[in-house]
1. For the pair Lys60 and Thr140, what calculated FRET efficiency results from E = 1/(1 + (r/R0)^6), where r is the Cβ-Cβ distance and R0 = 35 Å, to the nearest 0.05?
2. What's the exposure ranking of Ser67, Ser51, going from fewest to most Cβ atoms within 10 Å?
3. Could you give the dipole magnitude of the chain about its Cα centre, charging the beta-carbon of Lys and Arg +1 and that of Asp and Glu -1, in debye to the nearest 20?
4. Under a plain spin-label model, where a point goes 7 Å from the Cα along Cα-to-Cβ, how far apart in nm are Asp17 and Asp129?
5. If I take the Cα coordinates of the chain and project them onto the principal axes, what are the three extents in Å, biggest first?
6. Please report Val46, Val150 as a ranked list, fewest other C-beta atoms within 10 angstrom at the top and most at the bottom.
7. For the range 117-207, with only Lys/Arg (+1) and Asp/Glu (-1) charged at the beta-carbon, what is the dipole magnitude about the Cα centre, in debye rounded to 20?
8. So if we plug the beta-carbon distance of Leu202 and Asn6 into 1/(1 + (r/R0)^6) with R0 = 22 Å, what FRET efficiency do we get, rounded to 0.05?
Amino acid sequence: MNKKVNKIDLEYIGYSDFFENHYKNTNAKNQILARIISEHKEMYIVRNEISELSARITGKMMFAALSREDYPAVGDWVLITVLDENQAIIHEILPRRTVLKRKSANNSDIQIIASNIDIAFIIQSPDRDYNLNRFERYITLAESENIKPVIILNKTDLISESDLDMKLFEINNRFKNIDIYATSIITGKGINDLIKSIKRGLTYCFLGSSGVGKSSI
Ligand SMILES: Nc1nc2c(ncn2[C@@H]2O[C@H](COP(=O)(O)OP(=O)(O)OP(=O)(O)O)[C@@H](O)[C@H]2O)c(=O)[nH]1
Ligand SMILES: [Mg+2]
C-alpha cells in the first residue's frame, strides 16, 4: 500500500504550532507524526512527509477507548511507529483543534465526520433540496467548532441569470459576513476563484447533500 508520494513538509498538510505544542509534551520516543487521511474498517491510511501507510491502533488504545471519539478520525494528527514500508501502528492521537461531529443513525453514539478542519465549504445546488435553512444548519455546525464556513452554490448552469441573482441576493442577505462562490463544473464559472481562495497548509472539507457536486468540484 506504500503509495509513491512526493516528499512534503508536514506544514503542507496542515501541521501547525497548535499540534507542535502538544507534540512537545508527549514522551514520544521513536514515534513520528502522521495525519489520518482515510478510514476503513479498523484500518487507517496515514500520511507523513515521505509516505502513505496503512495503520492500526495499538491494543492498548483499543481497550482504553470509551467512545468513538477515542478512536482516530480523518484529519487527526497521530503518533505512529513504522513497522515496514507498508504498515504502521498508531499510538496516540494529538488533541483535536476542531471536530465536526454528528449523531450516528441510531442516535446512540457521536460520529466524527472529520477533525482539524479550518474551512468548511457548504455546498448546495438548485436541483437538490436547495434551502436556506440547510445552509444555516451547516453554518451553525461549523461556527460552533470555530471552523470558517464558506458557501458554494453549484450547478449555476441549470438556472437562469435572474434566478441566480435572486438566489445570491437572498443568500447574501441572510448570511451577511460569509463568502459565497457561485460555481458550475459545466461552464467552469467560479471554479478559478474558488481555487484561488484555497490556502496551502489549511484543511478544507465539503459539506452538503448527496448529488450537489462535492466530488465533481
Ligand atoms: N449541470 C451540472 N451538473 C453537475 C455540476 N456539478 C456536478 N454535477 C453533476 O451532479 C452529479 C452529482 O455530482 P457529485 O460530484 O457526484 O455529487 P456529490 O456531492 O459528490 O454526491 P455524493 O458523493 O453522493 O455525496 C454528477 O452527475 C455530476 O456530473 C454542475 O456544476 N452542473
Ligand atoms: Mg461525492
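1. 0.40
2. In order of increasing Cβ crowding within 10 Å: Ser67, Ser51.
3. 200 debye
4. Here the modelled spin labels are 4.2 nm apart.
5. 61, 40, 30
6. Sorted ascending by nearby Cβ count, the order is Val150, Val46.
7. 260 debye
8. 0.70
Where a number appears in this text, it was derived from the coordinates with a stated rule and is not lab data. Note that the structure is a prediction, hence the values are computed from the model and not measured. Note that we place each Cβ from the backbone using ideal geometry, even for glycine, and neighbour counts take in every protein chain shown.
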